[in-house]
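Participant: The structure that follows is given in the form of structure tokens.
The values are calculated or read from the model by the stated rules, or taken from the named source; none is laboratory data. This structure is a prediction, so every number in the text was calculated from the model and none was measured. Glycine gets a Cβ as well: all are built from the backbone with ideal geometry, and neighbour counts include every protein chain shown.
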């Protein structure tokens, strides 16, 4: 079920990392946050509680797989998880690797910047994304269907 005019129904919403019939994982193009991913449920539903028990488990297992890959490959200071949907009421989880050197840390990525992030450290994260995303896709593929 798709909703015309929904940006997550009408477009990928970022660089596609992995996709199944139920959900997709994308890398969001958020300036200053090179390890910002979204787990997007395929059908247009607004809330996690709109899903059946098995689908809720499938969705949360995918969020955990993305988190684990980020932790393993990037060793961030923290992983931020959010399922807001106020602006886009289509079920999706933000899974964001946060570093103590990022421009907003420890504040949320949506807050005002506190400093400029070091370009060399941002570039290092970008350089590690190919291996990260390969491992992330492998974790997602290993989840129960």
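Participant: Only one of 42, 137 is without any contact (Cβ under 8 Å) to a residue 24 or more places away in the chain and under 17 Å from residue 18 (Cα atoms). Can you tell me which?
Facilitator: Result: 42 is the single residue among 42, 137 that is without any contact (Cβ under 8 Å) to a residue 24 or more places away in the chain and under 17 Å from residue 18 (Cα atoms).
Participant: OK, next. Would you be able to say whether some residue in segment 5-23 is in contact (Cβ under 8 Å) with a residue 12 or more places away in the chain, more than 26 Å from residue 145 (Cα to Cα) and surrounded by 16 or more Cβ atoms within 10 Å (Cβ to Cβ)?
Facilitator: no
Participant: Sticking with this structure for a sec: Can you pull out the residues in segment 33-77 that are assigned to a strand (DSSP E or B) and either exposed (fewer than 14 other Cβ atoms within 10 Å of the Cβ) or touching a helix residue (DSSP H, G or I) at 6+ places or on another chain (Cβ under 8 Å) (or both)?
Facilitator: Within segment 33-77, 37, 39, 40, 41 meet the criteria.
Participant: Being in contact with a strand residue (DSSP E or B) (Cβ under 6 Å, 6 or more places away or on another chain) and over 19 Å from residue 42 (Cβ atoms) is the filter here; which residues of segment 110-143 pass it?
Facilitator: Matches in segment 110-143: 133 only.
Participant: Pairs only if they're at least six apart or on different chains, beta carbon under 9 angstrom, first in segment 70-92 and on the phi > 0 side of the Ramachandran plot and in contact (Cβ under 8 Å) with a residue 24 or more places away in the chain, second in a loop (DSSP other than H, G, I, E, B) and crowded, with 16+ Cβ neighbours inside 10 Å; list them, first residue then second.
Facilitator: 85/91
Participant: A follow-up question, please. Does any residue of segment 119-128 turn out to be in contact with a helix residue (DSSP H, G or I) (Cβ under 9 Å, 6 or more places away or on another chain), assigned to a loop (DSSP other than H, G, I, E, B) and modelled with pLDDT of 95 or more?
Facilitator: Looking through segment 119-128, none of the residues is in contact with a helix residue (DSSP H, G or I) (Cβ under 9 Å, 6 or more places away or on another chain), assigned to a loop (DSSP other than H, G, I, E, B) and modelled with pLDDT of 95 or more.
Participant: Determine if segment 13-28 includes at least one residue that is assigned to a loop (DSSP other than H, G, I, E, B) and more than 17 Å from the chain's Cα centre (by Cα).
Facilitator: The answer is yes, given that some residue of segment 13-28 is assigned to a loop (DSSP other than H, G, I, E, B) and more than 17 Å from the chain's Cα centre (by Cα).
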